[in-house]
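Please read the structure below before turning to the comments.
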Amino acid sequence: MGASTAQEMSAIYRGAMARFTTGVTIVTTRTPNGPAGMTASAVASVSLDPLMLLVCVGNTLATRDAISGSGVFAVSVLSRGQERHALQFASRCDDKFAGVGLRTDHALPVVDGSVAHFACNVKEEIAGGDHTIFIGEVVSCGYSADSDPLVYFGGKFGSLCDLNSHAQLAFDWQLAASM
């Protein structure tokens, strides 16, 4: 599929990227005025030695300046059922942390109930078009082996399908339909 204008190419690019299934994360940091955060899907592992990951943050977001100023950030990988948190942190509301439980065992804000979390020191900031790429050295991390992640595809939230539970659900539906 070709595009004749930059605007058309941009729209096609956005549509194509929406077909790339991603996890949903909340990236947070602390500031002298309190915590700051945003929803992000552009998160990736960079290195195992040393442990490093990257996050991409829009240049117009307050969280970008907060991470740059503090030199630290946390990434909370959201679990199924935490769509409200993702939407809240993606908005421009005044208090993104309202009603969001945070773990108390970290100096950085980490979302309670997340599938995994990473606390990082910023090692590098790289200009990336209309985003800044923060490469962070992981200083702490953890995960819950029994949680299902929240995923994002085609502009919608979803979750992974466990074959056993899917088979049981299909059986239950078939049984209910036959009654």
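The values are calculated or read from the model by the stated rules, or taken from the named source; none is laboratory data. Because the structure is a prediction, the values reported are computed rather than measured. Counting neighbours? That spans all protein chains shown, and the Cβs are built from the backbone with ideal geometry, glycine included. We work out accessible area using only protein heavy atoms, side chains counted, and drop any ligands, DNA or RNA first. Shrake-Rupley method; radii C 1.70, N 1.55, O 1.52, S 1.80 Å.
Things to note:
- Contact order normalised by residue count of the range 71-130, Cα under 8 Å, 6+ apart, percent: 51 percent
- Charge tally around S41: other residues with Cβ under 15 Å, Lys/Arg +1 each, Asp/Glu -1 each, net +2.
- The residues neighbouring G99, those whose beta-carbon lies less than 14 Å from its own, together hold a net charge of -2 under the Lys/Arg +1, Asp/Glu -1 convention.
- Across the range 1-153, Cα pairs under 8 Å and at least six residues apart give a relative contact order of 28 percent.
- Answer label, with Kirkwood radius over Cα pairs in Å calculated from the coordinates and candidates (i) 15.7; (ii) 16.2; (iii) 17.8: (iii)
- A Förster radius of 41 Å combined with the Cβ-Cβ distance from S140 to Q174 puts the calculated FRET efficiency at roughly 0.30.
- Heavy-atom accessible area ranking, 1.4 Å probe, most first, across S114, S140: S140, S114
- Each label was represented as a point 7 Å from its Cα along the Cα-to-Cβ direction; for A107 and K123 these points are 1.9 nm apart.
- Protein-only accessible surface order, largest first, of C56, C93 at 1.4 Å: C93, C56
- Charge sum, other residues only, whose C-beta stays under 12 Å from L51's C-beta, Lys/Arg counted +1 and Asp/Glu -1: -1
- The length gained by stretching the chain between C93 and R14 to full extension, at 0.36 nm per residue less their Cα-Cα distance, is 26.0 nm.
- Helix-only [θ]222 nm of the chain, DSSP H runs n ≥ 4, -39500 (n - 2.57) each, per residue, nearest 500: -7500 deg cm²/dmol
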